[in-house]
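Asker: Please see the structure below; I have some questions.
Bear in mind these aren't lab numbers, they're just calculated from the coordinates by the rules spelled out. Note that the structure is a prediction, hence the values are computed from the model and not measured. Neighbour counts run over all protein chains shown; Cβ positions are idealised from the backbone, glycine included.
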There are 2 protein chains.
Amino acid sequence: MHFKDKLAAIQKEKKSLLCIGLDPEIEKLPPAIGQRKDAIYVFCREIINATAAFAAAYKINFAFFERFGAEGWQTMEKIAGEIPAGCLSIADAKRGDIGNSAKHYAEAIFGRLGFDAVTANPYMGKDSAEPFLDWKDRAVFFLGLTSNPGAIDFQFFQQNGQPLYAAVAQHVEQWNSTHDNCGLVVGATKSEKLRQIRQIAPGLTFLIPGVGAQGGTVATVLQNIGDSNALISASRSIIYSGSNDDFAEAAAAEARRLQAAMQPFIAC
Amino acid sequence: MHFKDKLAAIQKEKKSLLCIGLDPEIEKLPPAIGQRKDAIYVFCREIINATAAFAAAYKINFAFFERFGAEGWQTMEKIAGEIPAGCLSIADAKRGDIGNSAKHYAEAIFGRLGFDAVTANPYMGKDSAEPFLDWKDRAVFFLGLTSNPGAIDFQFFQQNGQPLYAAVAQHVEQWNSTHDNCGLVVGATKSEKLRQIRQIAPGLTFLIPGVGAQGGTVATVLQNIGDSNALISASRSIIYSGSNDDFAEAAAAEARRLQAAMQPFIAC
C-alpha cells in the first residue's frame, strides 16, 4: 500500500498524527531494566507496546544505535521488527549521497530493514534523492527547515528574497510529482513558517519534530499547516515521561495526551 | 597525533595524497573470491595490503556495508581494523544531525570504530558540526561542492552573488579556527572551482573525489589548489582495475600510477 494511503487509513482509525521518536539512551533508562544486557531493546519494545494505540508512527533515530556499532544495528533491526503493522515506521537516518551509494542506503533501509519511510538530506540534489524515491510505496522526508540553532547558518541563505529552505520545499514538491511519496521535515519551533511552507509545498507530508511538553504547540502547528497531511513527532517528552518502573504507563499517558490534542484537527 | 600532522608526515614519507575509496560491490568481485562467505572482507583486505605503500588514506563508504545491515557493519568494523597505522582512515558516512544525535554519530565513528576522519553534511549548521569537531585530533570533511549532476539544485543557490558552496566553505573555515580539524569535499570534476574555493578556505584540507582513469586530472586538480593540503580520492578505477585473480596487483599498479602523478606536487 502507498505510504500516503497507509497514513490516511491510520489517521482515520486512530485519530492520531503522533510519531513517537525512539532515541533511547542507556544512561537514562529506568533502573529496573537499565541493568539488563538487552535493556535498550526491552525498553523500546515496552514503549511501543504501551503506546501503539495512540501512535500513527514510530521514528527510530539511527545515531542512538550506531554508537554501539554492529551490535547497535542488530538491536535496531530487532526493534524495527516490533513496530506493529498498524503504525508506520520511519528510519531517522538523514542519509544523503550520490546515486550508487544512495541506492545502497535505500536498499538497507527499505529493503533489508523494511522501513516505510526515511529522513534524507537534500544538499546533494535530485540524483541523490531518486534512488530513495524509486521505492514508490515508501516515503522520503527531506530536511527542510530544522529546529536547531544552526538552521540559521545555511537554511536562511537567500536568493532573490527566497530562503534556501523554501527552495528545498519547492524542489521537493516537484520531485513529489512522480510517485507522490515525498515529505519535508519542518521543526515545530518554526511554526510561524509552517503556513508559508505549506503554500509552497501543498502535496508534501510534513514531519514535524520539536513538540515538547508545551500544551499549546500541537494546536498551533496544526492551525498553521491547515490540514492533516503530517506527522508530529515527540521523543524524550514521551519515552522519559516516567523514570521508574512505571515508564511504559507514563509514556502511554503522555502519548494519549498528545493524541487527544491532535484529534480535533483530523478530518473524519 | 593531530590529523593534519599525521597527514603531513604520511605525505612526506610516501609522497602521496592518494585516498583509496573502498566501495565494494559483491556483484563486481573477482570470481576467485566472489563465492566466499567473507568475500567483501577478503577483497578489501587484499586491496589494502597491495596498495598501502602508495596510499595516504582509505575511505570506507558506509552505504556499501549498510546494505547488509548489522552483518555489513560487522564487516566494516573488521575492514577498518585492517587499515595500517601508516594510513589515515576516513568514514565516508555523510552524517548530519542535531547536537545529541551528532554526538552519538561521532562516538560511533571516532570512538567505537576508531576512524581518523568522517564526511559530514553541513545543511543543519554549526551545532550539528560541533560534536564531531570536539574530537580535536580527528578531522571532519564537510560536503562543499559535489561532483554529481544534482549539485546544481542547491549548491549553486546564490546570495548577493555568492553561491551556497562558497558560503559553506567560508563557514567551515571559521569553524576550523578552534581546532584546525576541518576539511571540505570538493569534486574533481569541478576543478575550475578549486582555485576559488581554496582562496575562500585556505586552512581546510580538501577531500577530492571523482578522479578517474583520466591521466591529466590529478595534475589539473593540484595546480588549481596550489598546495598539498588535500587528499585525492579514487575508488572504482583502483579497486576494479583488474577483474580476475590479479585484482590486487592491478589495483597496486593503478594506485602507484596515481601516486606517481601526485609526487611532483608534494613539497619535500
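Asker: Any idea what the B:Pro264 label distances to the other copies are, label 7 Å down the Cα→Cβ vector, nm, shortest first?
Answerer: Here the equivalent label points are 7.5 nm apart from this one.
Asker: Treating the angle as unsigned and between 0 and 90°, give the value, to the nearest 10°, between the Cα long axis of helix A:69-80 and the longest Cα principal axis of chain A.
Answerer: In chain A, helix A:69-80 runs at an angle near 90 degrees to the longest axis.
Asker: Further, regarding this structure: Working from Cα positions, state the angle (0 to 90°, nearest 10) between the long axis of helix B:247-262 and the longest principal axis of chain B.
Answerer: The answer is roughly 30 degrees.
Asker: With charges set only on the Cβ (+1 for Lys and Arg, -1 for Asp and Glu), what does the dipole of segment A:3-265 come to about its Cα centre, in debye to the nearest 20?
Answerer: Taking the Cα centre of segment A:3-265 as origin, the dipole is about 420 debye.
Asker: Let me ask another. Cα gyration tensor of segment A:1-143, axes a ≥ b ≥ c as square roots of the eigenvalues: rounded (a/c below 1.5), prolate (a/b > b/c) or oblate?
Answerer: Oblate shape, in that a/c is at least 1.5 and b/c is the bigger or equal ratio.
Asker: What number comes out for the charge environment of A:Asn181, summing +1 per Lys or Arg and -1 per Asp or Glu over other residues with Cβ under 15 Å away?
Answerer: The answer is -2.
Asker: Of the cross-linked pairs B:Lys59/B:Lys136; B:Lys59/B:Lys193; A:Lys28/A:Lys103; B:Lys14/B:Lys103; A:Lys37/B:Lys37, which ones have a Cα-Cα span greater than 25 Å in the structure shown?
Answerer: Going by Cα-Cα distance, A:Lys28/A:Lys103; B:Lys14/B:Lys103; A:Lys37/B:Lys37 fall outside the 25 Å limit.
Asker: Among residues other than A:Ile197 whose Cβ falls under 13 Å from its Cβ, what is the net charge (Lys/Arg +1, Asp/Glu -1)?
Answerer: The answer is +1.
Asker: Please report, in debye to the nearest 20, how large the charge dipole of the protein assembly as shown is about its Cα centre when each Lys and Arg carries +1 at its beta carbon and each Asp and Glu carries -1 there.
Answerer: So the magnitude is around 580 debye.
Asker: A further question follows. Nearest 5 is fine: what % of DSSP beta bridges in the protein assembly as shown come out antiparallel, could you say?
Answerer: Looking only at bridges with both residues in the protein assembly as shown, the antiparallel portion is about 5 percent.
Asker: So how strong a dipole does segment A:110-210 carry about its Cα centre when Lys and Arg Cβ are +1 and Asp and Glu Cβ are -1, to the nearest 20 debye?
Answerer: The calculated dipole for segment A:110-210 is roughly 220 debye.
Asker: Another question, then. Which value at 222 nm does chain A reach when only helices count, each DSSP H run of 4 or more adding -39,500 (n - 2.57), with the total divided by all residues and rounded to the nearest 500 deg cm²/dmol?
Answerer: -13000 deg cm²/dmol
Asker: Tilt of helix A:3-14 relative to the longest C-alpha principal axis of chain A, in degrees (0 to 90, nearest 10)?
Answerer: 50 degrees
Asker: Could you tally the net charge around A:Ala57, taking each other residue with its Cβ under 11 Å from the Cβ of A:Ala57, Lys/Arg +1 and Asp/Glu -1?
Answerer: Neighbourhood net charge equals +1.
Asker: Then there is this: State, to one decimal in nm and shortest first, how far the label point of A:Asp245 sits from each corresponding label point in the other identical copies (label point: 7 angstrom along Cα-to-Cβ).
Answerer: 6.6
Asker: Restricting to chain A, what percent of DSSP beta bridges are antiparallel, rounded to 5?
Answerer: The antiparallel proportion sits near 5 percent.
Asker: Report, for B:Gln170, each distance to the same residue's label point in the other copies, shortest first and in nm; define the point 7 Å along Cα→Cβ.
Answerer: 2.1
Asker: OK, next. Counting only trypsin sites (Lys or Arg not before Pro) that sit in a DSSP loop (anything but H, G, I, E, B) with at most 12 other Cβ atoms within 10 Å, what is the longest stretch of chain B containing none of them?
Answerer: The answer is B:137-268.
Asker: Hey, could you grab the Kirkwood Rh for the protein assembly as shown? Inverse mean 1/r over distinct alpha carbon pairs, Å, one decimal.
Answerer: After inverting the mean inverse Cα-Cα distance, the result is 23.7 Å.
Asker: Please report the antiparallel percentage of DSSP beta bridges with both residues in segment B:115-268, rounded to the nearest 5.
Answerer: Roughly 10 percent of the DSSP beta bridges within segment B:115-268 come out antiparallel.
Asker: Moving to a separate point now. Report, ordered by chain and residue number, the lysines lying within cross-link reach of B:Lys190, taken as a straight Cα distance under 20 Å and ignoring same-chain residues fewer than 8 apart.
Answerer: A:Lys126, B:Lys94
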